[in-house]
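S.K.: Structure below; questions to follow.
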Amino acid sequence: MLRDAQLRVTRPRLTVLEVLSHHAHADADTIARAARQELGAVSTQAVYDVLAALTEAGLVRRIEPAGSPSRYELRVGDNHHHLICRTCSRIVDIDCAVGERPCLHVSHDHGFEIDEAEVIYWGTCPACRADRPADPALPAD
């Protein structure tokens, strides 16, 4: 995969890809901690450099949810969207909302050639909903 993207095969790159295969939507600090367990010493800057190279090569996708550090994932090229829990920040993939790429048709494109739509849905996951006290003023689920 790295060679096909014209990138050298290095242990840090392989390790970051391996970490992301087990931790989709991880932030750089989480990836760096996991990489250190595998590699021993690796700087956070080195992990950021690897993530930048992998993202530029199209092997990794970076998402930037509001109020959160950038997150990284291996699912690329399909223009999927994300659903994020407001309480615990859990992120799950959501397939394209409507039709084909770029998924959403704008009412006025202002002359742009649109090739991607990034949609983030926000809500509360089932585990967090179960943990919160019931509000007697709200109807039951």
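S.K.: If you stretched the chain out fully between Gln37 and Ala66, how much longer would it get, using 0.36 nm times the residue separation minus the C-alpha to C-alpha distance?
M.R.: That works out to 7.5 nm of additional length.
S.K.: To continue, here is another question. If amide H atoms are built 1.01 Å from N in the plane of the peptide, which residues on other chains or at least 5 residues away come under 5 Å of the amide H of Arg90?
M.R.: Cys85
S.K.: Could you give me the ³J(HN,Hα) list for segment 76-89, computed from phi with Karplus coefficients 6.51, -1.76, 1.60 and θ = phi - 60°, whole Hz, x at Gly and Pro?
M.R.: Values, residue by residue: 10, x, 10, 6, 6, 10, 9, 10, 10, 7, 5, 8, 10, 6 Hz.
S.K.: Springs between alpha-carbon pairs under 10 angstrom, Gaussian network model over the chain: which of Gly123, Gly67, Gly111 fluctuates most?
M.R.: Looking only at Gly123, Gly67, Gly111, the biggest GNM fluctuation is shown by Gly111.
S.K.: Assign unit charges at the C-beta atoms only (+1 for Lys and Arg, -1 for Asp and Glu), then state the dipole size of the chain relative to its Cα centre in Debye, rounded to the nearest 20.
M.R.: Details: 15 positive and 21 negative charges, 134 e Å.
Its charge dipole is roughly 640 debye.
S.K.: Apply the Debye scattering formula to the chain, with a single equal point scatterer on each alpha-carbon and no solvent, then give log10 I(q)/I(0) at q = 0.13 Å⁻¹.
M.R.: -0.70
S.K.: Now a separate question. I'd like the orientation of helix 44-56 relative to the chain: the angle between its Cα long axis and the longest Cα principal axis, in ° from 0 to 90, rounded to 10.
M.R.: 80
Where a number appears in this text, it was derived from the coordinates with a stated rule and is not lab data. It should be emphasised that the depicted structure is a prediction, and the values quoted were computed from it without experimental measurement. Methodologically, a virtual Cβ is constructed for each residue, glycine included, from the backbone with ideal geometry; neighbour enumeration extends over all protein chains shown.
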